[in-house]
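Novice: Please find one structure pasted underneath; my questions will follow.
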Amino acid sequence: MVKIQVEYQGDLHCEAIHEPSGALLQTDAPIDNQGRGESFSPTDLVATALGSCMLTIMGIAARTQNVDITGATATVGKEMTATAPRRIERLTVQIHVPGAVSAENREKLERAARSCPVHKSLHPDIGIPIEFTWG
């Protein structure tokens, strides 16, 4: 089990420490929810987790296929509901993989991205359209 220690710093700021590595992360409430938007919001971290998880799982699949996807990017657009309760309504994902990848490997990599643990952990009410571009 991985532990993350989170401390409320006041003024809608939190600081989190990843115990295994000591890495530090800060959050702030977004401007549209009483914050100053000075850092990632907690829901921004959900979008970040989705994009980085998809690329990581694709990287694992690419490694087993001897395919180099270095430089691949994920852009995740996060949309919140307009009415209460406030929650993530949609996470639009655009993944770009540079270089030549065969059609067979593309299919495997796309399947890997869709099977990432974060994607599988999100509530089914959250829309998650995914678009891949290759080359």
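Bear in mind that the values in this text are calculations on the coordinates, not laboratory data. Just so it is clear, the model here is predicted, and its values are computed rather than measured. Positions of Cβ are backbone-derived with ideal geometry, glycine not excepted, and every protein chain shown enters the neighbour counts.
Novice: How big is the antiparallel share of DSSP beta bridges in the chain, given as a percent to the nearest 5?
Specialist: Around 75 percent of the beta bridges assigned by DSSP in the chain are antiparallel ones.
Novice: Quick one: putting +1 on the C-beta of Lys and Arg, -1 on the C-beta of Asp and Glu, what dipole do you get for the chain around its Cα centre, in Debye to the nearest 20?
Specialist: 460 debye
Novice: Rank GLN9, LEU50, THR64 by how far each Cα sits towards the positive end of the charge dipole of the chain (+1 on Lys, Arg Cβ; -1 on Asp, Glu Cβ) and give me just the farthest.
Specialist: Going by the charge dipole, the pick is THR64.
Novice: In debye to the nearest 20, how big a dipole does the stretch 68-126 give about its Cα centre with +1 on each Lys and Arg Cβ and -1 on each Asp and Glu Cβ?
Specialist: Dipole of the stretch 68-126, to the nearest 20 debye: 220 debye.
Novice: Looking at the chain, which Cys residues are left with no other cysteine's beta carbon under 4.7 Å from theirs?
Specialist: So far as the 4.7 Å Cβ criterion goes, CYS14 stand without a partner in the chain.
Novice: Counting alpha carbon pairs within less than 8 Å and at least 6 residues apart, what relative contact order, in whole percent, applies to the stretch 1-60?
Specialist: 19 percent
Novice: Let me ask something else about it. Taking 22 Å as R0, compute the FRET efficiency from the Cβ-Cβ separation of SER52 and LYS3 and round it to 0.05.
Specialist: 0.65
Novice: I would also like to ask the following. Report, in debye and to the nearest 20, how large the dipole of the stretch 1-57 comes out about its Cα centre when Lys and Arg carry +1 and Asp and Glu carry -1 on their Cβ.
Specialist: 200 debye
Novice: To the nearest Å, what is the center-to-center distance of the stretch 55-90 and the stretch 1-51, using C-alpha atoms only?
Specialist: So the two Cα centres are separated by 18 Å.
Novice: Check the straight Cα-Cα distances from LYS108 and name the lysines below 25 Å, setting aside those fewer than 8 residues away within the same chain.
Specialist: The qualifying lysines are LYS120.
Novice: Here's a follow-up. By the gyration tensor of its Cα atoms, with a ≥ b ≥ c the square roots of the eigenvalues, what is the shape of the chain: rounded for a/c under 1.5, prolate for a/b over b/c, or oblate?
Specialist: Prolate.
Novice: Counting helices only, and only those DSSP H runs with n ≥ 4, report the 222 nm mean residue ellipticity of the chain as the sum of -39,500 (n - 2.57) divided by its residues, in deg cm²/dmol to the nearest 500.
Specialist: Counting only the DSSP helices, I get -9500 deg cm²/dmol.
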